[in-house]
1. Give the residue list of GluC sites (Glu not before Pro) in the stretch 49-147 that are DSSP loop and have at most 10 other beta-carbon atoms within 10 angstrom.
2. When N is the residue count of the stretch 31-183, what does its C-alpha Rg come to as a fraction of 2.2 N^0.38 Å?
3. Would you please calculate the Kirkwood hydrodynamic radius of the stretch 61-138 over all C-alpha pairs and express it in Å, rounded to one decimal?
4. Can you give me the C-alpha center-to-center distance between the stretch 39-94 and the stretch 102-154, rounded to a whole angstrom?
5. Would you mind calculating the relative contact order of the chain from Cα pairs under 8 angstrom and at least 6 residues apart, reporting the percent as a whole number?
6. Looking at the chain as a GNM with Cα springs under 10 Å, which of VAL144, VAL72, VAL53 has the largest mean-square fluctuation?
7. Which whole-Hz ³J(HN,Hα) couplings does the stretch 59-66 yield from phi under the Karplus relation 6.51 cos²θ - 1.76 cosθ + 1.60, θ = phi - 60°, glycine and proline marked x?
Amino acid sequence: MENNPTFDQVLAAQNISIQFQIQHWLKHELFTPQFWLLIIILIIPWLLWWRWVDKKRLLEIIIYGLIMSTLVTILDELGCQLNLWEYRYDIEPLFPRFIPMNCTLLPVLYMLIYQYFSEWKSYLIANMALAAIFTFVGEPLLKVINIYVLLKWEHIYSFPIYILLALLVKLAVNSIIKVHNQAIR
């Protein structure tokens, strides 16, 4: 292959990669214990969240969760594309990022913290605890059960990122609410 591949060569390589992903998923991932665990992680947190969410603040909390999910997915995509980490198992073969974590577990837990810890100090402390759990328990556990593979990444690098995400999203949502409240006055 040339050092400067053409657009058509890139598309051909992507098509081969997609076929490999589907074949691998069908043979090695679908219906494994890890697959079922990921299905549980995808569904159960949302059921619990719906039970516990403050319905009076539903729109605000969902905005928080959507922003969080978007940022987490972008960062995960970046990390995987740069070969910092990868996932051996997922619930489907085509979306290459960790949907149960990015679209369920992380946003749901962050939304609950956002709901229950409205003051900045308690919010920061709760998010530091959550970051520690994700970094020093969750990620190593996913590695042990062979879902998460570290390539050029260390768990400790994730800790400040989890905290920074929480701070940035709270700032963004607070700004959105402020603008909204000023607009309806």
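Computed from the coordinates by the stated procedures, all read-outs in this text should not be read as laboratory data. The model shown is predicted, which means the values in this text are computed figures rather than measured ones. Cβ atoms come from the backbone with ideal geometry, glycine included; neighbour counts cover every protein chain shown.
1. Values: sites: GLU60, GLU77, GLU86, GLU119; in loops: GLU119.
Passing both the DSSP loop test and the Cβ count: GLU119.
2. Working: Rg = 15.8 Å, N = 153, 2.2 N^0.38 = 14.9 Å.
Normalised Rg, Cα atoms only: 1.06.
3. Numbers: mean 1/r = 0.0741 Å⁻¹.
This gives a value of 13.5 Å.
4. 11 Å
5. 27 percent
6. VAL144
7. 4, 4, 5, 5, 4, 4, x, 5
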